[in-house]
Protein chains: 2
Amino acid sequence: MSKKVTIRDIAKESGVSTTTVSRLLNHVEGYCSKETEQRVWNAIERLNYHPSKIARSLVTQRTNLIGVIFPDIYNSFFQDLFRGVEEYASKLGYQLILCNTDGSSKKERDYLLNLAENLTDGIIISTSNGEDDNTTIVDLHKRGFPIVTVERYGEELKDVPRILFANREAEEQVVNYLYRCGHRRIAYISGPPTATNAIRRLEGFKNGLKQNGLSADNSLIMTGNYKMESGQDCMRKILDACMHKGGKPDFSAVIAGNDLMAIGACKTILERGLRIPDDISVVGCDGTMLADLIRPKIGTIRLGGIDMGKKAAEYLINEIRSQNTEEKKVLFQPELLLEGRIKSIET
Amino acid sequence: MSKKVTIRDIAKESGVSTTTVSRLLNHVEGYCSKETEQRVWNAIERLNYHPSKIARSLVTQRTNLIGVIFPDIYNSFFQDLFRGVEEYASKLGYQLILCNTDGSSKKERDYLLNLAENLTDGIIISTSNGEDDNTTIVDLHKRGFPIVTVERYGEELKDVPRILFANREAEEQVVNYLYRCGHRRIAYISGPPTATNAIRRLEGFKNGLKQNGLSADNSLIMTGNYKMESGQDCMRKILDACMHKGGKPDFSAVIAGNDLMAIGACKTILERGLRIPDDISVVGCDGTMLADLIRPKIGTIRLGGIDMGKKAAEYLINEIRSQNTEEKKVLFQPELLLEGRIKSIET
DNA sequence: CTGAAAGCGCTTACAG
DNA sequence: CTGAAAGCGCTTACAG
């Protein structure tokens, strides 16, 4: 790489001090005659000068970098989240460092420490999609490092700014909707029991049953791991256990903890020669493109990842700029996409 | 944020010089007695010291940051690419800054300059999915800045390390396969004519026809924009123009420039009451999860985004470390996923 | 085995 | 309107 052009070279070239060049670069007004200014801009152009962000950061103690930590770039919720953060943050001059953890607590911890102490001005960390270890987050927050969590739960996080999704309410509403459509026996395929949001969704499902005077039947509830294959497997087990003599299932709907498992369930249902939604209505969760693309369409729940990302960025940047110290906590409400995707049953 | 702990504090605390602390931190061997070393580690632990990456970068002139620029985080090819880069680069201690351009040349240019001159040690930039402006890339490369391109074409890039996909060959092979299955009239839905890879795929399609003694029929070729809706639209137009009296189409297969458009085409086909693949076989391109998930399955072409990402990272890191100055150019070959997804026609 | 000192490329009080 | 100088927190020849 050809010799680096520094602010000194510009100062020399245009016959001013580095102070003046720096002021111009940072648009500090009123310290420079128009004529001098022009000379400096010319020199910058001529030498093709670009100030070093690193050097600037060392003195300003800000990098304008935001760390975003999540477990899985293939998951559309996190894609949405990233887009939301980016949309908000890029307008304010921040760039994003994206860290993929594969759900590993160790990676999560490494990234957190790595990004926190040095490199970024703040961090947005979402759920690990598994068992969340929050100790490092709490540590950092206590030390005053700007950090915002998304979909992480735990009493220890109560002072940390956070973005949450109403998981329980979401599944309750789905059950209510199904009930109104005449469904009385509903199966459930849960995400991994280590993931808080999976637990909450399952709780919501059970609450929903109770609210409608239905009782939970354990042979209709299976535990998967948020992957498609587990949706297939769980559906197989449920169908094996719950068929009427006539070859028809003794339940009329299945809810899965996410869209991928719901799609897995669909595969099994179709393989068994059953129809969706005529024999079984299927509802996923996440509002992914997949739910719209597959035929027949399945019901799903939109989480609003983009808006959650924007809000997370807003909270974080306020923290960074120490504005607005009021409590930062928001619960995002579900948007149900069920219309036309659920069979209505005469009751 | 509580007062920052610096290397000075550690030096003072453990009664050595900052030089010694620095050496320990950087694992420069043989400059420290075991006993002193222990004192230093203790102090680091006690004060919870984390060295500033920024300060280090200023003196070493390296940030261990790699910029990754692509147009669309929702596109699975770029997700694969990112994963590949990450897998390779993270092992060597690099972190990634991800920049989403939405296909905008201006954003692309801004990110390039922004990342290049200051922040990152090198950049991997993929196609913009539209008309690619390569001038900034060439500039940076000439100045000796490490940069690797993925799926960007143009004579001006001939000296820049690059990762390419055999777009032409891919579609040629698809046509050959379809021909062997007995297909004689094949429709094509192209990506945007501003995108070089779309052009090449279309060329490959036409080459394939020619190689098999078939002639291109313009009423069977439509231009979309890589989005699903355009696949639907194009398919509609083709069907409107090319139906036999009996309500059956006068072609037996359609190839789309990517999976999303292929899925759009499927929707239209099914809406018209036609069957896949019995009436029309469908082939996309990208090897996305979508192609496997939708029913009926459609044919597709795997690009190998993860491997391309790994190779890109390898090239880039070699450039950064000035190793291995031989020509860096590789053409990735397609892997066809057509088995069992194409109708065989008696001829 | 250890350290004093220069320097990476900026910004910013302070003085004029 | 302008600049000399200190300093951000490290690394690294150089000297011992």
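Tallying residues that are farther than 28 Å from B:GLY122 by Cβ, of a type in the set (A, V, I, L, M) and either assigned by TED's automatic domain parsing to the domain that holds A:ASN118 or more than 40 Å from the chain's Cα centre (by Cα) (or both) within the stretch A:1-55 yields 3.
For (1) among the β-branched types (Val, Ile, Thr); (2) away from every other protein chain (no Cβ under 11 Å); (3) closer than 30 Å to A:ASN258 by Cα, each residue gets a yes or a no:
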site	(1), (2), (3)
A:ALA11	no, yes, no
A:ALA43	no, yes, no
A:GLY84	no, yes, yes
A:GLN95	no, no, no
A:LYS106	no, yes, yes
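Table: residues versus (1) at pLDDT 95 or above; (2) over 19 Å from the mean Cα position of the chain (by Cα); (3) surrounded by 22 or more Cβ atoms within 10 Å (Cβ to Cβ).
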{"site": "B:LEU98", "(1), (2), (3)": "no, no, yes"}
{"site": "B:LYS106", "(1), (2), (3)": "no, yes, no"}
{"site": "B:ASN114", "(1), (2), (3)": "no, yes, no"}
{"site": "B:GLU117", "(1), (2), (3)": "no, yes, no"}
{"site": "B:SER128", "(1), (2), (3)": "no, no, yes"}
{"site": "B:GLU131", "(1), (2), (3)": "no, no, no"}
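Among the criteria (1) part of a loop (DSSP other than H, G, I, E, B); (2) within 16 Å of DNA strand C (Cβ to nearest atom); (3) farther than 28 Å from B:VAL138 by Cα, the one B:TRP41 does not fulfil is (1). Restricting the stretch B:19-36 to residues that are modelled with pLDDT of 85 or more, surrounded by 15 or more Cβ atoms within 10 Å (Cβ to Cβ) and away from chain A (no Cβ under 14 Å) leaves a set whose member that is nearest to DNA strand D (Cβ to nearest atom) is B:SER22. The set of residues in the stretch B:66-85 that are aromatic (Phe, Trp, Tyr) and over 20 Å from B:LEU115 (Cβ atoms) comprises B:TYR74, B:PHE77.
The C-beta contact set for the stretch B:133-150 (first residue aromatic (Phe, Trp, Tyr), second residue surrounded by 15 or more Cβ atoms within 10 Å (Cβ to Cβ), distance under 6 angstrom, 6+ apart or interchain) comprises B:PHE145/B:ALA116.
For (1) in contact with a strand residue (DSSP E or B) (Cβ under 7 Å, 6 or more places away or on another chain); (2) assigned to a loop (DSSP other than H, G, I, E, B), each residue gets a yes or a no:
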{"position": "B:GLY84", "(1), (2)": "no, no"}
{"position": "B:ALA89", "(1), (2)": "yes, no"}
{"position": "B:LEU113", "(1), (2)": "no, no"}
{"position": "B:ASP133", "(1), (2)": "no, yes"}
{"position": "B:VAL160", "(1), (2)": "yes, yes"}
{"position": "B:ARG168", "(1), (2)": "no, no"}
{"position": "B:ASN176", "(1), (2)": "no, no"}
{"position": "B:TYR179", "(1), (2)": "no, no"}
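So for the stretch A:139-151 (the condition being in contact with a Lys or Arg (Cβ under 9 Å, 6 or more places away or on another chain), at positive phi and outside the structural domain of A:VAL283 (by TED's automatic domain parsing)), does at least one residue qualify? Yes; the residues of the stretch A:139-151 include at least one that is in contact with a Lys or Arg (Cβ under 9 Å, 6 or more places away or on another chain), at positive phi and outside the structural domain of A:VAL283 (by TED's automatic domain parsing). Within the stretch B:91-111, the set of residues being closer than 25 Å to A:LYS4 by Cα and assigned to a loop (DSSP other than H, G, I, E, B) comprises B:GLY93, B:TYR94. Being more than 25 Å from A:LEU164 (Cα to Cα), part of a loop (DSSP other than H, G, I, E, B) and not small (Gly, Ala, Ser): is that true of A:ASP240 here? Spelling it out, it is not the case that A:ASP240 is more than 25 Å from A:LEU164 (Cα to Cα), part of a loop (DSSP other than H, G, I, E, B) and not small (Gly, Ala, Ser). You will find that of B:GLU13, B:GLU87, the residue that is over 22 Å from A:VAL59 (Cα atoms) and either within 11 Å of DNA strand C (Cβ to nearest atom) or at pLDDT 90 or above (or both) is B:GLU87 and no other.
Which of the residues belonging to the stretch B:49-75 are assigned to a strand (DSSP E or B) and more than 10 Å from chain A (Cβ to nearest Cβ)? Answer for the stretch B:49-75, where residues must be assigned to a strand (DSSP E or B) and more than 10 Å from chain A (Cβ to nearest Cβ): B:ILE66, B:ILE69, B:PHE70. Figure legend. Inter-residue proximity from the stretch B:205-229: first residues more than 14 Å from B:ALA262 (Cβ to Cβ), second residues modelled with pLDDT under 90 and of a type outside the set (A, V, I, L, M), beta-carbon distance below 7 Å, spacing 6+ or different chains. Indicated pairs: B:SER219/B:CYS242; B:LEU220/B:CYS242. Being more than 26 Å from A:ALA55 (Cα to Cα) and in contact with a helix residue (DSSP H, G or I) (Cβ under 6 Å, 6 or more places away or on another chain) is the filter here, so list the residues in the stretch B:38-71 that pass it. B:ARG39, B:VAL40, B:ALA43, B:PHE70, listed by residue number.
Within the set B:GLY287, B:GLY246, B:GLY231, the sole residue that is over 24 Å from the mean Cα position of the chain (by Cα), assigned by TED's automatic domain parsing to the domain that holds B:ILE199 and farther than 22 Å from A:LEU270 by Cα turns out to be B:GLY246. Take the residues in the stretch A:271-322 that are part of a loop (DSSP other than H, G, I, E, B) and more than 14 Å from chain B (Cβ to nearest Cβ); name whichever of them is surrounded by the fewest Cβ atoms within 10 Å (Cβ to Cβ). Out of the qualifying residues, it is A:ASP278. The residue of the stretch B:45-92 that is nearest to DNA strand D (Cβ to nearest atom), among those that are among the acidic types (Asp, Glu) and surrounded by fewer than 22 Cβ atoms within 10 Å (Cβ to Cβ), is B:GLU45. None of A:ILE255, A:ILE238, A:ILE189 is more than 30 Å from the chain's Cα centre (by Cα), within 18 Å of A:LYS267 (Cα to Cα) and among the β-branched types (Val, Ile, Thr) except A:ILE238. Under the condition of being facing chain B (nearest Cβ under 9 Å) and buried (at least 24 other Cβ atoms within 10 Å of the Cβ), which residue from the stretch A:261-270 is farthest from A:PRO193 (Cα to Cα)? Among them, the one singled out is A:CYS266. Scanning the stretch B:302-326 for residues that are without any contact (Cβ under 8 Å) to a residue 40 or more places away in the chain and acidic (Asp, Glu) gives a single hit, B:GLU326.
The values are calculated or read from the model by the stated rules, or taken from the named source; none is laboratory data. Predicted, not measured: the structure shown is a model, and the values here were computed from it. Note that we place each Cβ from the backbone using ideal geometry, even for glycine, and neighbour counts take in every protein chain shown.
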